[in-house]
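First the structure, in the form of structure tokens, and then the observations on it.
The values are calculated or read from the model by the stated rules, or taken from the named source; none is laboratory data. Treat the numbers as computed from the prediction; the structure is a model and nothing was measured. Note: ideal-geometry Cβ built from the backbone for every residue, glycine included; neighbour counts use all protein chains shown. Heads up: the accessible areas ignore ligands, DNA and RNA and are worked out on the full protein's heavy atoms, side chains in. Shrake-Rupley method; radii C 1.70, N 1.55, O 1.52, S 1.80 Å.
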Amino acid sequence: MKVKLQNVLPEEIEKRSFEMIEEELKTTLDPLQKPIIKRCIHTTADFEYETSMCFSEHAVEKAMAAIKDGAMIVTDTNMGKAGINKARLAKFGGEVQCFMADDDVRETAKARGITRAVASMEKAAKLSREQNKKIIFAIGNAPTALVRLYELIEEGEINPELVIGVPVGFVNVVESKELIMQTKVPYIVARGRKGGSNVAAAICNALIYMMKDE
């Protein structure tokens with residue numbers, strides 16, 4: 001088999017990748033949702049996101065408005081935090097936080113026999129209330145984080161601007177995503193087992209890149 005490589009300049013690789021994705025899309029996507037879906041496909045090379053990504057009504061617009069107002073993004077992994085463009089987010093007054101490795105989160109989880117993901121969601125909810133801070137959750141790893149968020153939302157303890165629900169795996173992954181889609185808060189959810197911290201970061205970045213510099 002003769003291999004023929006594309007001759008693409010380094011600075012043109014990402015652009016060409018998105019062009020190839022555009023060529024392979026099979027459905028007509030909502031103009032505001034399309035950049036998010038394409039970036040997820042770019043991150044994973046998985047075209048299943050074209051149909052599995054679910055958006056609540058006006059989720060993208062509401063998320064962008066929250067970012068413009070300096071919303072804090074909370075992730076459930078430091079990997080997800082690392083993948084988000086924090087410098088660009090900071091232009092709007094926002095920041096990214098992950099509480100998973102905090103000493104108080106670890107101690108709370110151990111004392112109560114819960115996951116650190118659950119404890120970190122509770123910490124984020126408390127900080128959001130105390131600081132009257134708008135908050136976006138980007139969950140790419142822990143379904144227990146999504147389940148606890150669902151409970152906190154239903155209990156009236158927190159009202160996020162957006163929940164990105166894309167944990168990957170098997171145990172309660174599908175179910176936790178379905179719970180979030182039953183709430184009244186804006187959401188972007190990858191239905192099924194697929195997802196990951198990289199996908200959560202990709203969605204955040206897509207939203208940030210869609211924003212015009214103020």
Checklist entry - Is there a residue in segment 134-141 that is farther than 16 Å from Ala59 by Cβ and either assigned to a helix (DSSP H, G or I) or out of contact with any His (no Cβ under 6 Å at 6 or more places or on another chain) (or both)? => result yes
Checklist outcome for this item: Filtering segment 28-85 down to residues that are open to solvent by less than 10 Å² (accessible area, probe 1.4 Å) and polar (S, T, N, Q) yields Thr75
Checklist entry - Does any residue of segment 120-140 turn out to be buried (at least 24 other Cβ atoms within 10 Å of the Cβ), more than 23 Å from Arg191 (Cβ to Cβ), within 18 Å of the chain's Cα centre (by Cα) and not hydroxyl-bearing (Ser, Thr, Tyr)? => result yes
Item to check | Looking only at segment 172-209, and only at residues there that are of a type in the set (Lys, Arg) and free of Cβ contacts under 8 Å to residues at least 60 places away in the same chain, the one that is most open to solvent (accessible area, probe 1.4 Å) | outcome: Lys184
Next on the checklist: Of everything in segment 1-25, what is within 25 Å of Pro167 (Cα to Cα) and either buried (at least 17 other Cβ atoms within 10 Å of the Cβ) or modelled with pLDDT under 95 (or both)? Give them in sequence order.
Outcome noted: Ile21
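Based on what the data block shows, is Ser197 of a type in the set (Gly, Ala, Ser), more than 12 Å from the chain's Cα centre (by Cα) and under 28 Å from Arg129 (Cα atoms)?
For Ser197, the condition - of a type in the set (Gly, Ala, Ser), more than 12 Å from the chain's Cα centre (by Cα) and under 28 Å from Arg129 (Cα atoms) - is not met.
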Item to check | Extreme residue, farthest from the chain's Cα centre (by Cα), among residues of segment 107-119 that are surrounded by fewer than 17 Cβ atoms within 10 Å (Cβ to Cβ) and not in a helix (DSSP H, G or I) | outcome: Gly113
Checklist entry - Considering segment 162-210 alone, what residues qualify as being closer than 17 Å to Asp76 by Cβ, part of a loop (DSSP other than H, G, I, E, B) and not hydrophobic (A, V, I, L, M, F, W, C)? => result Pro167, Gly169, Asn172, Arg193, Lys194, Gly195, Gly196
